[in-house]
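Take a look at the structure below.
The values are calculated or read from the model by the stated rules, or taken from the named source; none is laboratory data. Owing to the predicted nature of the structure, the values given are computational and were not obtained by experimental measurement. Quick reminder, even Gly has a Cβ in these numbers, built from the backbone with ideal geometry, and neighbours come from all protein chains shown. Note: accessible area is taken over every heavy atom of the protein model, side chains too, but ligands, DNA and RNA are not part of it. Shrake-Rupley method; radii C 1.70, N 1.55, O 1.52, S 1.80 Å.
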Amino acid sequence: MGREDSHYRPEGVDGRGSGRSVTGGATGRVSVPDASVPRRPDSAPVSPSAAPASGPPLVGPASGPPPAWRPPSATTAGRAAVGSAPVAASPNGGGPPPPAAPLSTAPPPAAPPRRRRRWLPVLLVAVLLVGLAGATVVLRPGPVAGWLGAEAGTPSAAAPPPEPAPAPVLAGPDAAAPQPTAAGVRAAVEPLTSAAALGSRVNLSVADVVTGESLYAKGGDDATVPASVTKLATGVTVLKARGPGHRIATRALAGANPGEVVLVGGGDPTLAVDKNGFYPGAARLDTLAAQVKQALGGTAPTRVMVDSTLFPGPVHGPGWDADIPTGGFGASITALMTDGARRDPVRARKNFADSHGAAERYAEPDLAAGRSFARLLGLPQSGVVRGTAPAAGGTSATGAPAPGTELGRVESLPMVRLVDLMISDSDNVIAEALARQVALARNQQASFGGGAAAMDEVIGELGLPADEISLADGSGLSRSNRISPSLLTDLIATAGNGTHPELTAIFGGLPVAAWSGTLGTRYESTATAAGAGVVRAKTGTLTGVHAIAGLVTTRDGRLLTFAVLTDQAPAGDPEVTRAALDRIAGALAGCGCR
C-alpha cells in the first residue's frame, strides 16, 4: 500500500474524503487544480512587444514588486529562490504556467565529462518564485501563446490594454555563482544518507545545472523503485513526443443504424460531463451532445455505443498493489472516461486537500461516460453498450448521417496544462493516460507495456541512457518500475538546459518547499528550513519507498538538480523518513558546499 502522492489511504479516508488534515495538503496550496500558484483571473497576457529587448520573461507584480518570499530563517537571506510562475488567463478558462524560458548566460569553463554523458554549456531555465501577495502577470512570448491557444498578433480592441512590463521579483540562477565542489557536496550530504529512517538502500545523485557536472553520487546509476517521481519521466517524454500544444479529441460518430451515436474515446482523462467537472477548463460531454443533436437534424438519437478500443489490454497496471483500483488514487485506465473516473467530481474537488486527492472511482469508466452522454441526449442509460465505431465512407438511404460520419468533437486542455495537472496534483490517472499518448506518438500499442516501451524510446532520443529506466506504468504506482537517480537528474537538467524548450513545461507544476503541493507543509523544521522556498521537487511514496527529485538553489545562488531514492525504508512513521530526505535537500540549500 502506498501513501501521499501515490495511493496512500490515511486512516478514515476511503476514497470519499475524511475529516482530518493531512501532510501534503493545502498549506500554501491553491485549490484550483490547473494552477499551482496564485493568479489574478482577469489578467491578460502581455504581448511580446511589451517584453524587454533581451533577457528572460519577467514575472512580477502589477505595481511594485513584493519582497521575495523567504522562510523565517537567516540562512536563506539574500539568494535567489526557485519558485512557481503565475498563470495568465487563457481562452479555455484558466491557463497553465507557461514553460519557463531559458536565460542566456556566458558559457562556463569547460567541465570534465560526467560518466558517459557529454553536456554542452547550458542555458539556465528561469524558475522564479513570486511573492505571496499582490496581483501578478506573466509574459508569454514566442510559441508559448500558441501552446495555450492564444491567437498570434496584437490584442483585440475589446481587450484591456497591456500592462507595463513588470520588474523581476527574483533573478534567475547565476552562472557566475560559485560552483560547489564534489568534496563540499559530499561533506554536506553523505553523513545524512546513513539516517536509520532511510533504511538500508539510499541512492542519490546531485549535479550542477549550469555545467551538467555530477557533484555527488551514491548508487547514482542503480535501478531503484521511484514511486511517483516516475511522473517526471512521463511528463518529459509526452512533451517531447506530443508537444506542448497537443490536444486530445473525444468524438461522436454516426453508428451503423440511423440514430445510433458512437462515443469514441481518444484518451482524455479530464473530460467532464458538464460545467461541474473536476478539472477547470476541460472539454465537456454536454457540449458534444449539443453538437450531435444539431448534426443529426431531424433524426432522433436512438442509442449510445462507447468505443474505448484505443487503449487495449489490462486496465490495471502490473505491479500495482491490490488496493489501488479501489483505494481512490488509481482507476481502471480506459480511453473514455470523465473526471479521471471520479463518481462525484464536485465532492472530490471540495474534499481534495483532506483526502489527499482520494475519490471514489468508477470500475468501468467508459460505460459510465457513455451513460452520462446518453442522459444528455435524452436516452435511457440502460441501453449503453460497448462497440467499435464504423469506418467512415458509407452511405445512408434515410437522409440520416452516413455511418462513420463525425457528428461532433471536443478537445482537451493543451498538453502543457495536462502535464502541469499531473505534476502538481500527482494525478495517477492523468499520468497513465499521458504515457499512452507517448505510445500513440511512437506507433506503439496504447497500453501499459506500449507506454513504457515508447517512453524508453523517447528517453533514448533525448540522448539519455535508456538502460537506466525500466517501467511498467507511467504513474509510479507499480513496484516493478526502476529508475536510477542519475537519470532523474539528467532528465531535469535536459528539460532546463535550453536545448529542448518544449520540455520546460515540466517545471510549472513542481511543488515548492513549505509553500505548495506535496511539499506545502514540509521544510518547516529547524533542520530543513534552509530548503523552504528554494527546493522545488516531485515527491513519491509507496509503503517502504520514498523519493524526491527536483531543483535546489544553494546559499551562494547556484542551481543544482538532485534525486534521492530509498526503496527499503523501515516500517514506521513515514513522516520520519520524509524528514530525513528533506534534511538532504535542506543541506544542499544551506551550504555553498565549497
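Values computed for the structure shown
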{"item": "Criterion (surrounded by fewer than 17 Cβ atoms within 10 Å (Cβ to Cβ), over 18 Å from residue 253 (Cβ atoms) and modelled with pLDDT under 95) met by exactly one of 355, 396, 382", "result": "382"}
{"item": "Check on residue 369, assigned by the TED database to the domain that holds residue 254, within 15 Å of residue 255 (Cα to Cα) and not hydroxyl-bearing (Ser, Thr, Tyr)", "result": "no"}
{"item": "Cβ-Cβ under 6 Å pairs, at least 6 apart or on other chains, segment 199-210 side under 14 Å from residue 222 (Cα atoms), far side surrounded by fewer than 24 Cβ atoms within 10 Å (Cβ to Cβ) and hydroxyl-bearing (Ser, Thr, Tyr)", "result": "202/193"}
{"item": "Residue count, segment 470-498 (criterion: over 20 Å from residue 209 (Cα atoms) and open to solvent by 10 Å² or more (accessible area, probe 1.4 Å))", "result": "6"}
{"item": "Only one of 225, 238 that is closer than 24 Å to residue 320 by Cα, among the hydrophobic types (A, V, I, L, M, F, W, C) and open to solvent by 10 Å² or more (accessible area, probe 1.4 Å)", "result": "225"}
{"item": "The lone exception for residue 227 - which of (1) touching a helix residue (DSSP H, G or I) at 6+ places or on another chain (Cβ under 8 Å); (2) under 14 Å from residue 431 (Cα atoms) it fails", "result": "(1)"}
{"item": "Residue list for segment 251-271, filter: over 23 Å from residue 362 (Cβ atoms) and surrounded by fewer than 23 Cβ atoms within 10 Å (Cβ to Cβ)", "result": "256, 257, 258, 259, 260"}
{"item": "Top-ranked residue in segment 520-544 [being without any contact (Cβ under 8 Å) to a residue 60 or more places away in the chain and surrounded by 24 or more Cβ atoms within 10 Å (Cβ to Cβ); ranked as farthest from residue 422 (Cα to Cα)]", "result": "528"}
{"item": "Total residues in segment 340-366, condition over 23 Å from residue 412 (Cβ atoms) and touching a helix residue (DSSP H, G or I) at 6+ places or on another chain (Cβ under 7 Å)", "result": "0"}
{"item": "Failed condition for residue 308, given (1) over 21 Å from residue 228 (Cα atoms); (2) out of contact with any helix residue (DSSP H, G or I) (no Cβ under 8 Å at 6 or more places or on another chain)", "result": "(2)"}
{"item": "Close pairs (9 angstrom Cβ cut-off, 6 or more residues apart or separate chains): at positive phi in segment 308-323, open to solvent by 30 Å² or more (accessible area, probe 1.4 Å) and assigned to a loop (DSSP other than H, G, I, E, B) anywhere", "result": "313/445; 319/479; 319/480"}
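Residue by residue, here is whether (1) in a loop (DSSP other than H, G, I, E, B); (2) under 30 Å from residue 545 (Cα atoms); (3) out of contact with any Asp or Glu (no Cβ under 6 Å at 6 or more places or on another chain) holds:
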| position | (1), (2), (3) |
| --- | --- |
| 317 | yes, yes, no |
| 322 | yes, yes, yes |
| 326 | yes, yes, yes |
| 346 | no, no, yes |
